[in-house]
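Written out below as structure tokens is the structure these notes cover.
The values are calculated or read from the model by the stated rules, or taken from the named source; none is laboratory data. Because the structure is predicted, anything quoted here is derived from the model rather than measured. Methodologically, a virtual Cβ is constructed for each residue, glycine included, from the backbone with ideal geometry; neighbour enumeration extends over all protein chains shown. When the accessible area is computed, the model is the full protein with side chains, heavy atoms only, and any ligands, DNA or RNA have been set aside. Shrake-Rupley method; radii C 1.70, N 1.55, O 1.52, S 1.80 Å.
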Amino acid sequence: MNDRTTLIRGWLSEEIGITFNAITPASSDASFRRYLRIHTQDGTRIVMDAPPEHEDIRPFVRIAHILESRKIHVPHIYACCEVRGLMLLEDLGHKSYLSELTPNTANALYGKAINTLCQIQACPTDSLPIYDSTLLMREMRLFEEWFIEHHLGISLSANEKTLLNEVYENLTKRALGQNKAFVHRDFHSRNLMQTANNSPGVIDFQDAVVGPITYDLISMLRDSYIEWPESDVIRWARQFHELLVDQASPAPAWDRFWDDFNWMSAQRHLKVLGIFARLHHRDGKSGYLKDIPLTLKNLRKALQPYPEFNTFMAWLELRLENTDYRP
């Protein structure tokens, strides 16, 4: 038993007064957080263990209260110790969207998620950081640092760095030109839970920002963990766009919205390629390597229709030749 587990057991039994039969792993994620399931006579709860030297749980607490106040199903917080990085949470169960999505269930599940996303976008944003040019650019630079240089082992020339900077700047300018709303920032199939009541449950929202209205939609529909025919992606995106229009939310015409969707998708997938490579090389979490091919495919889908990215796409395909980017 490690020191954190001993700390958790003492916190639960001595300070909160919970009697439990067992503690089992629930899940881990791409950060230093881990989640444990507490088994009691009255059911189960989840402990979030976020070592304070690595994680700050205050954004999670603040944003959970915002979302819960708007009837969005986030894990209710029963107890919290910010100094030690511990929270006792509602258990949303085992059924992530990723495990439940099939061609037969997708329309119903995504329909509920789209409605929830509209609710999220209507939440107040006063306390959220801005998804500004600095953050957008920093995220995309993970692509060249971790995917291109670390993962592929390629040293970029000055001309190649100039090409990449032009891509980043174009995508950033387009993102900043979109209408803004509350952005979850990781609204995908592993962070949506099918629950008995008020489904979906929504987790991993602590990095929320004020940002482009297409961002969470592309996280869900151009997911790095599950793929759908492009005709389905367009249909679900139209469904979301029509809801925005019906609710008189700020939204451009469909053609502009779809272009924004694609350009935002490119920004996210450049970032995700960098993150997956960093998780492998820096953090020893190699399970995400298997998701790189779909992430690259999503990047191609996003940029292929736009001639301004032809040079970048040709360069990328050339650089991927004869490299072992797959697991």
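Assorted remarks:
- Single condition Ala79 does not satisfy, out of (1) among the hydrophobic types (A, V, I, L, M, F, W, C); (2) in a strand (DSSP E or B); (3) out of contact with any helix residue (DSSP H, G or I) (no Cβ under 6 Å at 6 or more places or on another chain): (3)
- Considering segment 207-324, the qualifying helices (runs of 4 or more DSSP H), each wholly inside and each with 2 or more residues that are open to solvent by 20 Å² or more (accessible area, probe 1.4 Å) and more than 26 Å from Tyr97 (Cα to Cα), run over 230-246, 254-281, 310-320.
- As a summary of the residue check, Leu89 satisfies the conditions (1) part of a helix (DSSP H, G or I); (2) surrounded by 15 or more Cβ atoms within 10 Å (Cβ to Cβ) except for the one numbered (1).
- Matching residues, segment 102-142, being under 19 Å from Ile72 (Cβ atoms), part of a loop (DSSP other than H, G, I, E, B) and of a type outside the set (S, T, N, Q): Ala122, Cys123, Pro124, Asp126, Leu128
- Criterion (of a type in the set (Asp, Glu), touching a residue at least 24 places away in the same chain (Cβ under 8 Å) and surrounded by fewer than 19 Cβ atoms within 10 Å (Cβ to Cβ)) met by exactly one of Glu100, Glu144: Glu100
- Out of Ala108, Ala22, one residue alone is more than 27 Å from Arg282 (Cα to Cα), over 22 Å from the mean Cα position of the chain (by Cα) and without any contact (Cβ under 8 Å) to a residue 60 or more places away in the chain. It is Ala22.
- Members of segment 40-65 that are open to solvent by 30 Å² or more (accessible area, probe 1.4 Å) and in a loop (DSSP other than H, G, I, E, B): Gln41, Asp42, Pro52, Glu53, His54, Glu55, Asp56
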